[in-house]
Amino acid sequence: MPNVSADLGGPHVWVKRDDCTGLGMGGNKARQLEFYFGDALAQGADTVLITGAVQSNYVRATAAAAAKLGMGCEIQLEERVAGMDETYRRSGNVLLDQLFGARLHSYPDGDDEGGADAELEVIAERLRGEGRSPYVIHLSEGHRPLGALGYVEAAGEILEQAAVLDVGFDAIVVPSGSGATHAGLLVGLRAAGSKVPVHGVCVRREAKRQAGRILRTVRALERELDAGELVSEADVVVHDDWLAPGYGHPSESTLEAIRVAARREGLLLDPVYSGKAFAGLLGLVRRGALGSHESILFVHTGGTPALFGYATLLADI
Ligand SMILES: *Cc1c(COP(=O)(O)O)cnc(C)c1O
């Protein structure tokens, strides 16, 4: 990102284009779903169930993967973001969910991961009664961290590409939501012997709770991989200064980040995840937490279809 690097006065900012993973408008969920769909197919499932916010990229990518594999897809959309309009409910990811042929359900609470998953089980039970074989992708903790395995692999890809480019990254910046991306990268990097710090920018919950969640996912991954302790507690770095006013609500710093990426690099960010993470990168450089001589990798996790769901809010950007 040469223009942004020059504007910031020194650091070399790179971007890993995981918005270009290629499945149904891309994003980090393509890597995560590879492992869920592998498990679903191994179990002989014919329908996949998932829950998320109305403008969830995860459910949209799941609908795309199910379509490609000839499977059914049942999506539950949670009321997680208050005060949104008709465009939010119809355009962007929702439009794509419908285009991919998924069946939509709604759930009244957006902060009840266990309850949302339990409701998916109710739908799954109904499908079993109809002779189908459902597979549930859980949102709540306590299940195998299959999605994070996609980012253990991605860490290896990043290190390979860095070697080809002959760049040694001093820091990696990534949005930290469910934590699958953040925890997977940490485990994958440390397993490969890299000590590069990973800065998770909170998009869902405040730093203390998020750090706990990342560490639990890291430990679950280490067990899944039958590895010893690869990541220390001090390795879990999260920042929540760019979270307000809360999940799915962009702040002025989010909008600034979206503007900067678009107008200086022709790069599209989104108002829920990548915009907040990039605001975090800009903020960490400006306050000197990331040095002006450093090479910084921004992991672009996608989310651009949400731009259209947020069209009303972004009208005057
Ligand atoms: C889901 C999502 C994230 C958060 O990733 P987690 O693995 O859930 O932490 C970040 N960016 C985008 C665009 C997403 O859709």
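Read the figures in this text as sums done on the coordinates, not as results from a lab. Please read all numbers here as calculations on a predicted model, not as lab measurements. All Cβ positions, glycine included, derive from the backbone under ideal geometry; neighbour counts span all protein chains shown.
Working only within the range 287-317, note down all residues that are in contact with a Leu (Cβ under 8 Å, 6 or more places away or on another chain) and closer than 26 Å to residue 189 by Cα.
290, 292, 296, 298, 299, 300, 303
Report, by residue number, each residue of the range 73-98 that is buried (at least 20 other Cβ atoms within 10 Å of the Cβ) and farther than 20 Å from residue 314 by Cβ.
Answer for the range 73-98, where residues must be buried (at least 20 other Cβ atoms within 10 Å of the Cβ) and farther than 20 Å from residue 314 by Cβ: 73, 74, 75, 76, 77, 78, 97.
Are any residues in the range 174-198 within 13 Å of the ligand (Cβ to nearest atom) and over 17 Å from residue 147 (Cα atoms), and if so, which ones?
Once the filter is applied, which keeps residues that are within 13 Å of the ligand (Cβ to nearest atom) and over 17 Å from residue 147 (Cα atoms), the range 174-198 yields only 198.
I need every pair where a residue in the range 136-152 that is more than 15 Å from residue 37 (Cα to Cα) and more than 12 Å from the ligand (Cβ to nearest atom) has its Cβ under 6 Å from the Cβ of a residue that is assigned to a helix (DSSP H, G or I) and acidic (Asp, Glu), sequence separation at least 6 or different chains.
140/113; 140/117
Look through the range 281-307, keep the residues that are within 16 Å of the ligand (Cβ to nearest atom) and more than 15 Å from the chain's Cα centre (by Cα), and return whichever of them is nearest to residue 200 (Cα to Cα).
This residue is 281.
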